[in-house]
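Scroll down for the structure; my scribbles are underneath it.
The values are calculated or read from the model by the stated rules, or taken from the named source; none is laboratory data. Not measured: the values here are computed from a predicted model. In this analysis, Cβ positions are derived from the backbone assuming ideal geometry, glycine residues included, and neighbour counts consider all displayed protein chains. SASA here: full protein model, heavy atoms, side chains in, ligands and nucleic acids out. Shrake-Rupley method; radii C 1.70, N 1.55, O 1.52, S 1.80 Å.
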Amino acid sequence: MGGGVSGIAGKHVVILGGGGIGTALAYSLQDAGAVVSVGDCNEARLDELRQCGVYAFPVDVADADDVEESLQCVCDRTGSLWGLCVTAAIVHRGHDIIETAPKQFRQIMDINFFGTLHANQVAARMMIANAVGGRIINWSSVNAVGGTPGGAAYASSKAAVETLSMSLAV
């Protein structure tokens, strides 16, 4: 059993965001026997995951309808959703807040925060409808509590993810 993960064998976990953390998480869960599906917008990344036996699918987390349709299609293919891990994010650093265009700030919020929100809503509905229980885990950042020079948009989006996650846990 890899990565210290236990009790997950045979359970279906969807990871949204196939970058570094998402890929490492996928391999660890797969090693522990979970049925793993990974969604991302990067086709090269998806191909790499497929070559390692992970079911990978395209999704735009900033599009609520795409998130819902993608999760439904994946679950129709692989079974009831037991776990959701949202690692999808874009980083925008090196720009002072006065240099960050509103469009850039919105894009970061759309992917990092609203993508997480959409996925959490869909997954929670699915888990409740299937009466299987489950887990939802959202990735934040140390920047959520401390900020970072030139990273106001990223830090703000991750603070919103952290607050959302704490509210959902209550």
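Picking from Leu71, Gly150, Ala32, whose Cα lies most toward the positive end of the charge dipole for the chain (charges on Cβ: Lys, Arg +1; Asp, Glu -1)?
Going by the charge dipole, the pick is Ala32.
Angle, helix 64-78 long axis vs. longest principal axis of the chain, Cα atoms, 0 to 90°, nearest 10?
The angle comes out at about 20 degrees.
I'd like the Karplus ³J(HN,Hα) series for segment 111-116: coefficients 6.51, -1.76, 1.60, θ = phi - 60°, whole numbers in Hz, and an x wherever there's a Gly or Pro.
Per-residue couplings from phi come out as 7, 6, 9, 5, x, 5 Hz.
Subtracting the Cα-Cα distance from 0.36 nm times the residue separation, let me have the gained length for Glu43 to Val132 in nm, one decimal.
Full-extension gain reported as 28.9 nm.
In terms of modelled amide H atoms, which long-range or inter-chain residues lie less than 5 Å from the amide H of Tyr55?
Val36, Val38
Tell me, what % of the accessible area of the chain is carbon and sulfur with a 1.4 angstrom probe?
55 percent
Calculate, in nm to one decimal, what Cys52 and Thr78 gain on full extension: separation in residues at 0.36 nm each, minus their alpha carbon distance.
Answer, rounded to one decimal: 7.7 nm.
Contour minus end-to-end for Ile98 and Asp31, with contour as 0.36 nm per residue of separation and end-to-end as the Cα-Cα distance?
19.6 nm
Would you mind pulling out the separation of the Cα centroids of segment 106-127 and segment 56-73, in Å?
Centre-to-centre distance over Cα atoms comes out at 10 Å.
Sort all Cα-Cα distances of the chain into consecutive 5 angstrom bins from zero, then give the percent of pairs in each bin up to the one containing the longest distance.
Histogram of Cα-Cα distances, whole percents per bin: 1, 9, 18, 21, 20, 15, 9, 4, 2, 0.
Step through the residues of segment 148-154 one at a time and calculate ³J(HN,Hα) from phi using the Karplus curve (6.51 cos²θ - 1.76 cosθ + 1.60, θ = phi - 60°), rounding each to whole Hz and writing x for Gly and Pro.
So the Karplus estimates, Gly and Pro as x, are 7, x, x, x, 4, 5, 4 Hz.
Based on Cβ point charges of +1 for Lys and Arg and -1 for Asp and Glu, what charge dipole magnitude is obtained for the chain about its Cα centre, in debye rounded to the nearest 20?
460 debye
Restricting to DSSP H runs of at least four residues, report the calculated mean residue ellipticity at 222 nm for the chain, -39500 (n - 2.57) per run over all residues, nearest 500 deg cm²/dmol.
-14500 deg cm²/dmol
Would you work out the relative contact order for segment 62-170, in percent, from Cα pairs under 8 angstrom that are 6 or more residues apart?
After rounding, I find 36 percent.
Which of Gly22, Ala101, Asn42 sits closest to the plus end of the dipole of the chain, meaning its Cα is farthest towards the positive end, when Lys and Arg get +1 and Asp and Glu get -1 on the C-beta?
Gly22
What is the magnitude of the charge dipole of segment 54-110 about its Cα centre, with +1 placed on the Cβ of each Lys and Arg, -1 on the Cβ of each Asp and Glu, and no other charges, expressed in debye to the nearest 20?
240 debye
If you filter segment 40-103 for trypsin sites (Lys or Arg not before Pro), then keep DSSP loop positions with at most 15 other Cβ within 10 Å, what is left?
Here the trypsin sites (Lys or Arg not before Pro) that fit, given the DSSP loop and packing criteria, are Arg93.
Could you order Val161, Val91, Val170 by accessible surface area, starting with the largest, using a probe radius of 1.4 Å?
Solvent-accessible surface, decreasing: Val170, Val91, Val161.
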